[in-house]
Amino acid sequence: MAIGYLVVQARTAHEAIPVKGVQVEVLDPFGNSVYYLQTDENGETQKVPLETADKSFSLNPYYKGTPFTGYQVLAQAEGFDSQSVLEIPVYDGETAVLPLTLVPMQRTKRSPSLTEIHIGPPAVSMSKPRLQEGPDAFYVLRQVVIPNPITVHLGAPGSPASNVQVSFPDYVKNVASSEIYPTWPKASLKANIYAIITFALNRVYTEWYRSRGYNYDITNSTAYDQYFVYGRPVYESISQIVDNIFNEYVRRPGQLAPYFTSFCNGTTVTCSGLSQWGTVTLAEQGLTPLKILRSYYPKDVEIAEASAVSGILSSYPGSALRQGSRGLNVEIIQTYLNRIRKNYPAIPAITDPAGEFGKSTKAAVTRFQKIFDLAADGIVGKSTWYKISSIYTAVARLAELDSEGNTLGIGTVPPDITLRQGSRGQDVITLQYLLDVISEYYPNVPAVSQDGIFGKDTKDAVTAFQNMMQLTPDGIVGSLTWNALYDVYQGIQENIPLPKPEPGVIEYTVVEGDTLWALARRFGTTVDAIKALNGLTGDLLRIGQKLKIPSSQSGTFSYTVAAGDTLWALARRFQTTVEEIKRINGLGGDEIFVGQTLLIPG
């Protein structure tokens, strides 16, 4: 028997938070336990070898058997629902990376539920007809933008299936792993991945589904679009290619629009587009990916680069950063990595001067690359730049939502009001905030704008949440939906592991009205001590700014209640519990008042 490999990664909130201590059992096709594994501080298990079929079978278009061995993974973690992933294809010489998106338990749940995900064979082995239709050059948008995230409908167009939102690179990796065999020659893989990227961008650019009234970009139906299996493993051979070319696509000269790159397997199903099996033959003949593409599409197609990636704070500067580089782009990467390090403490601290790419910056980059399966060369090329930017964006978004929750004063009791499309006001903002937090951990609930207006997007998000919770999907927020929202939200607050603050230090988010003098008084310290700990040279603060506040080493510190504070928000902010705050302060209820002095466990 040949050998393939499997590694499991448990991360949540768009990879912003690794989940440590997940118990992972790997079972063979007969249900026998092969390995018992546990995720580390990066949310990752060790890579383990598994017996599988010989690689030659996956390179033979006429082989009728299964050119891989299917394994099962059962994952369990305290505070999360369990997950079982079945029929995981393991290929000869390939490493399968299984991303576990574990769902936090609802606050009212007494025991975790079990979700089963079936993977199965790729589309290339199927004989179902493909009826892909789309325009070659018709366009709607003014420029080609990488949609990040992309919204995928998990069924045929018009079906009642749910939608999920995933990052565009992860979408492409998933589709490529679901469509073809990862053992194919690199030129073949790259040509297929170009076709997959371009097909998706054509759907987005032409608004093929959204212009027809659907609230998604593409489906996972092999008849109409391309295969996507939510929760499946991806393969390192595919992942490494996608990281380098995810924003490149096929077009005709003089045209901006992504070409409509239809495809089929070319054996049991034929079409006028690319033959997936045919790319293997051409690659074995020595053809480059572009020449392979030109064998199926017009002879003048070319590879272009999308001008923008949505959801990313800083675009790639165009040239790689390495040891010895200097300037603003180096400082950006240093800032991002130092913040990501709070969630991924295995990344070493950067001690180089700001804007100077020295040894410590290289060490941090290299460790980041190892954690996220990038080429660990310590150089910030396009793939590393966008991955650092993506993880930083996810981490910063969580911090922003946490700050917003403190400001809103989300308590433990839902509002006693019914909201529907057309409603406005503070309760709508509370609803939209809850949906935004939940969307970070549940990919089938879309994020919304917190504008206080209950419009169509908010109704769609409410309906998606109701479907997920098996409530009547009417888009109206009554008591049942409010209670479910709070159960899920509070389950997230209780069960998601957050970065631990430094000993003797309180992490505080600046809100409206804060000054250094007021904070020093509230926390029983001095203005100079706060400035020294945070490297501040002036007295100005900005809303949302993160500060480190010196705390006493006595086990508690004094805190003066400000407007908007609740016991729930204080417990969340200072990494303690409502019950503990009430106990040490002798409180009989949950009400607190502005100006009240509380003891907080430190």
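The values are calculated or read from the model by the stated rules, or taken from the named source; none is laboratory data. Treat the numbers as computed from the prediction; the structure is a model and nothing was measured. So basically every Cβ, Gly included, is an ideal-geometry build from the backbone, and we count neighbours across all protein chains shown.
Scanning the stretch 348-362 for residues that are at pLDDT 95 or above and either in the same structural domain as VAL97 (by TED's automatic domain parsing) or surrounded by 18 or more Cβ atoms within 10 Å (Cβ to Cβ) (or both) yields PHE357, THR361, LYS362.
The set of residues in the stretch 365-423 that are closer than 15 Å to ARG341 by Cα and β-branched (Val, Ile, Thr) comprises VAL365, THR366, ILE371, ILE388, ILE391, THR393, VAL395.
Exactly one residue among TYR139, TYR171 is outside the structural domain of GLN46 (by TED's automatic domain parsing), among the hydroxyl-bearing types (Ser, Thr, Tyr) and modelled with pLDDT of 95 or more, and that residue is TYR171.
Is it fair to say GLN165 is closer than 30 Å to TYR5 by Cβ, surrounded by fewer than 23 Cβ atoms within 10 Å (Cβ to Cβ), polar (S, T, N, Q) and not assigned by TED's automatic domain parsing to the domain that holds ILE88?
When the stated conditions are applied, GLN165 passes them.
In the set ASP427, ASP416, only one residue is in a loop (DSSP other than H, G, I, E, B) and among the acidic types (Asp, Glu); that residue is ASP416. None of GLY324, GLY311 is touching a helix residue (DSSP H, G or I) at 6+ places or on another chain (Cβ under 9 Å), among the small types (Gly, Ala, Ser) and either free of Cβ contacts under 8 Å to residues at least 40 places away in the same chain or part of a loop (DSSP other than H, G, I, E, B) (or both) except GLY311. When ALA376 is tested against (1) surrounded by fewer than 19 Cβ atoms within 10 Å (Cβ to Cβ); (2) free of Cβ contacts under 8 Å to residues at least 24 places away in the same chain; (3) part of a helix (DSSP H, G or I), just one condition goes unmet, and that condition is (3). Among the residues in the stretch 12-32, are any of a type outside the set (A, V, I, L, M) and without any contact (Cβ under 8 Å) to a residue 40 or more places away in the chain? Among the residues of the stretch 12-32, at least one is of a type outside the set (A, V, I, L, M) and without any contact (Cβ under 8 Å) to a residue 40 or more places away in the chain, which makes the answer yes. Take the conditions (1) touching a Phe, Trp or Tyr at 6+ places or on another chain (Cβ under 7 Å); (2) surrounded by 21 or more Cβ atoms within 10 Å (Cβ to Cβ); ASN192 misses just one of them, which is (1).
For the stretch 437-449, the criterion of a residue being in a loop (DSSP other than H, G, I, E, B) and either assigned by TED's automatic domain parsing to the domain that holds THR101 or farther than 29 Å from ALA10 by Cβ (or both) is satisfied by at least one position. Kindly state which helices (runs of 4 or more DSSP H) lie completely within the stretch 512-602 and contain at least 1 residues that are touching a Gly at 6+ places or on another chain (Cβ under 9 Å). Correct list: 527-534, 567-573, 578-585. Being outside the structural domain of LEU374 (by TED's automatic domain parsing), closer than 26 Å to ASP373 by Cα and in a loop (DSSP other than H, G, I, E, B) is a property that does not hold for LEU131.
When LEU435, LEU419 are checked against the criterion of being farther than 25 Å from GLY589 by Cα, out of contact with any strand residue (DSSP E or B) (no Cβ under 8 Å at 6 or more places or on another chain) and at pLDDT 95 or above, a single residue qualifies: LEU435.
Screening the stretch 30-118 for strands (runs of 3 or more DSSP E) wholly inside it with 3 or more residues that are outside the structural domain of SER439 (by TED's automatic domain parsing) and surrounded by 20 or more Cβ atoms within 10 Å (Cβ to Cβ) returns the ranges 69-76, 82-90, 95-100.
Which residue, of TYR62, TYR91, is over 24 Å from the mean Cα position of the chain (by Cα), modelled with pLDDT of 95 or more and farther than 20 Å from PRO443 by Cβ? When all the criteria are applied, what remains is TYR91. Tell me whether the stretch 383-406 contains one or more residues that are assigned to a loop (DSSP other than H, G, I, E, B), in contact with a strand residue (DSSP E or B) (Cβ under 9 Å, 6 or more places away or on another chain) and not basic (Lys, Arg). Scanning the stretch 383-406 turns up no residue that is assigned to a loop (DSSP other than H, G, I, E, B), in contact with a strand residue (DSSP E or B) (Cβ under 9 Å, 6 or more places away or on another chain) and not basic (Lys, Arg). Residues in the stretch 233-282 that are under 19 Å from the mean Cα position of the chain (by Cα) and part of a loop (DSSP other than H, G, I, E, B) were compared, and the one that is surrounded by the most Cβ atoms within 10 Å (Cβ to Cβ) is PRO233.
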